[in-house]
Amino acid sequence: MASIRKEIPIAARPEDVWDAVRDVGALHTRLVPGFVVNTQLEQGERIVTFANGMTIREPIVAIDEEHRRLVWSAVGGQLAHYNASAQVFGNGDRSATVVWTADFLPHEAASFVGSMMEQGAAAMKAAFDR
């Protein structure tokens, strides 16, 4: 199984970043606008439409308030398996770091998944840095 981990420094309070991460239906307006263009909520999952036109169903596995960690998986698209988490850490100076980890199959999708995560990380940073 392939794994990619991104550490995204955010110039915002950890509480504010976590509030956006845990708002699972607002990817397109709060967390990664431009990278995600629409998010619809259904029972226990969200349907995410990306700027590149891809639509994926993402079951929400866990929202861990104590550790500020969201876990989700993905159904559909070109991957046989996808599981990811985003965890928000405070840096002690009123800024945050989001650690986004994705585990997926097949291994050959690493370039595609890595590129999508880079785009998502840039959109997330831009959303908070504005």
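The values are calculated or read from the model by the stated rules, or taken from the named source; none is laboratory data. Every value quoted in this text rests on a predicted model; they were computed, and no experiment measured them. Every residue, glycine among them, receives a Cβ derived from its backbone with ideal geometry; neighbour counts consider all protein chains shown.
Computed quantities for the displayed model
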quantity: Subset of the range 72-87 (residues that are part of a strand (DSSP E or B) and farther than 14 Å from R5 by Cα); calculated: W72, S73, V75, H81
quantity: Tabulated pairs, the range 55-72, first within 20 Å of V37 (Cα to Cα) and in contact (Cβ under 8 Å) with a residue 12 or more places away in the chain, second of a type in the set (V, I, T) and part of a loop (DSSP other than H, G, I, E, B), C-beta under 6 angstrom, 6+ apart or interchain; calculated: I60/V24
quantity: Filtered residues of the range 13-46 (kept if touching a strand residue (DSSP E or B) at 6+ places or on another chain (Cβ under 8 Å), surrounded by 15 or more Cβ atoms within 10 Å (Cβ to Cβ) and either modelled with pLDDT under 95 or assigned to a strand (DSSP E or B) (or both)); calculated: V36, V37, T39, E45, R46
quantity: Top-ranked residue in the range 47-71 [being of a type in the set (K, R) and in a strand (DSSP E or B); ranked as nearest to the chain's Cα centre (by Cα)]; calculated: R69
